[in-house]
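Inspection log for the structure reproduced underneath, given as C-alpha cells.
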Amino acid sequence: MTLALERTGTPAETVATQEIPTVAGAGLRVPLVTGGDIGYANLDHAASAPCLDKVRAAVDEFLPWYASVHRGAGFASQVSTKLYERTRGILRNFVDARSTDTVVFTRNTTDSFNLLARSLPKHTSVVVFDTEHHAALLPWKGPNVRRIETPRTRLAAVSAVDEALADCPQGPRLVVLTGASNVTGELLPVKEIAAVARRHGARIALDAAQLAPHRKISVRELDVDYVALSGHKLYAPFGAGALIGRADWLRAAQPYLAGGGATKLVSRDSVVWNSGPERHEAGSPNTVGVYALGVACETLAANWDGVVAHEEELLARLRRGLAAIPGFAELRLFDAPVDRVGTLSFVVDGFDPGWLAAVLSAEYGIGVRDGAFCAHVATKRLIAVAGSTGQQAVRVSLGLGSTTEHVDRIVLALRQIVARGARWQYEKPEGRWVPENDPRELPPFCA
C-alpha cells in the first residue's frame, strides 16, 4: 500500500526550482477538415481544465482501494474515509482559511452557492454585481437582493458596494463577489470591498472558480467569509467542488439534501441531523472526486511561482499578438489596466464569434469558447462598451495545458481568417456553426 495516509493536509512548501505541472491530453492530436491532424491547442481552460497527470496517477492508485466512507468496517473503507476527511484539511489550507472554518464538499461552484443561498438567515440582504457569472448571480432570491451595475473603475466598484449596503435594511447582509471575471480575466478588488462590507456588518462570499486555478488565495488576508470553488476548473475533473467558510449559518440551516449521511438519528417520528459539514452531504459522497480535488490543490500549492509565471508570459504574448489584428476589440470590465488571470474575450468587427470558433477548431485544431459564457449581462454590456453591436464574443483561456505554440497558432490563424476567410464552407443548421459535410470521424468510443 503506497497511499500517503500519514500526510496532514498541509500544502507542500514552495520549492526552489519549480516545475510546470503537466496535464493529461498534452499530446492529443485532432483531425482537420482540410486533411491530416494536428496537436490540439486547448485554449478553453476557463470552461473546464484538463486533468493533471498527478491527479490521474493518484486516482489510478486509489481506485483499487475505493469503498464506502464513514461507516464501513472494512479496511478499504477506512482508507477511503481517511482520504476523504483528510481532503478537508487540504482545502482549508489551500485557501488559508481559519481553523474554525468548515469545508462542505459539493459538486461545483454553482452547487456551493445554491447551498449557501439555502442557508442564509431569514431576511438576509444580498448585494451582488450584475456582471457576475450565473453561478454567483442567480441563486439569491427575495426582495432584499440588490444587483448593482459594475462600474468602470475599481474604486467606483468599492463605492457602489458601500452605497448598496448602506441602503440595505437592518439584518444579516452578504456581499457576493467574483475573484476573477470568467469573461475578461480581470481581478476584482476583493480586499477593498471586504473592508467596506465589514463596516456595514456584512459577510463576503468569494466566487473563486476562476481565481483558484491561477492565484494563491488567503481567506484571512482577504477577510472573506466563504469561498466556493470547482474541481473541474482546478485540473481535477471528477465532479467535486467545495464551499469553505464560517460554520454558523450552515449549522443552523436545514440540510441541503435529506438522506443518509446527513442524519445522526432517525426514528419513526423524528430526525436528528448532523451538525458538521456532513449535514449538507447526504448520500454516498463523490470520494474519488474529493480525493482528486485535494491532490490538485496540493500540486498547485507546491508550484505557484511556476504556474503564475507560465501563465503571465503566455497572456502577455497573446494580448500583443491579438491587438495587432484588424477589427479586434478586447472586452474589459475596467477602463484602466488591472491584474488578471489568463482569460480574455474579444470580438472582431465583421465576424460572427460562433463562426470564428468553428473555423479555429475545424481548420487549425484550436479549442476556444464562443457565446456569452454563462455571464450574459456582463458579456452583452462589455461588447457594447467595446463598440460592437453583437451579443456574443470569443473567449481564449490559458492554463497549464497551454504553450507558446498554441498562442502563436491562434494569433496566426485569426490573422489569416480576417485577411482571407475560411478554407471550408460552414453552415448553421441548429444554431451553431459547423463545417458542411464534415469529414472528420469521432473516436470509436463515441459510437
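The values are calculated or read from the model by the stated rules, or taken from the named source; none is laboratory data. As the structure is a prediction and not an experimental result, all values here were calculated from the model. We place every Cβ from the backbone using ideal geometry, glycine too, and count neighbours over all the protein chains shown.
When region 310-333 is examined, which residues are found to be under 20 Å from the mean Cα position of the chain (by Cα) and touching a residue at least 60 places away in the same chain (Cβ under 8 Å)? Lay out the reasoning, then the answer.
Of all residues in region 310-333, those under 20 Å from the mean Cα position of the chain (by Cα) come to 310-312, 314-315, 331-333.
Of everything in region 310-333, those that are under 20 Å from the mean Cα position of the chain (by Cα) and touching a residue at least 60 places away in the same chain (Cβ under 8 Å) turn out to be 310, 311, 314, 315, 331, 332, 333.
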Quiz item: When region 151-175 is examined, which residues are found to be in contact with a helix residue (DSSP H, G or I) (Cβ under 6 Å, 6 or more places away or on another chain) and part of a loop (DSSP other than H, G, I, E, B)?
Solution: 151
Self-check item: Those residues of region 334-368 which are surrounded by fewer than 17 Cβ atoms within 10 Å (Cβ to Cβ) and without any contact (Cβ under 8 Å) to a residue 60 or more places away in the chain, in sequence order
Solution: 337, 349, 350
Practice problem: From the list 278, 298, pick out the single residue that is under 21 Å from the mean Cα position of the chain (by Cα) and charged (D, E, K, R). | Solution: 298
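For (1) among the aliphatic types (A, V, I, L, M); (2) under 18 Å from the mean Cα position of the chain (by Cα), each residue gets a yes or a no:
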site	(1), (2)
175	yes, no
181	no, yes
184	no, yes
240	yes, yes
244	yes, yes
Exercise. Please work out which residue is farthest from residue 331 (Cα to Cα), limiting yourself to region 198-218 and to residues that are buried (at least 23 other Cβ atoms within 10 Å of the Cβ) and over 14 Å from the mean Cα position of the chain (by Cα).
Key: 202
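Out of all the residues in region 112-122, is one or more of a type in the set (Ser, Thr, Tyr), over 27 Å from residue 395 (Cβ atoms) and at pLDDT below 95? Full working, then the answer.
So in region 112-122, the residues of a type in the set (Ser, Thr, Tyr) come out as 112, 119.
Right, trim to over 27 Å from residue 395 (Cβ atoms) and you get 119.
Those still in the list that are at pLDDT below 95 too: none.
No, the conditions are met nowhere in region 112-122.
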Quiz prompt | Residue check, residue 294 surrounded by fewer than 24 Cβ atoms within 10 Å (Cβ to Cβ), within 24 Å of residue 56 (Cβ to Cβ) and either in the same structural domain as residue 94 (by TED's automatic domain parsing) or in contact with an Asp or Glu (Cβ under 8 Å, 6 or more places away or on another chain) (or both) | solution = no
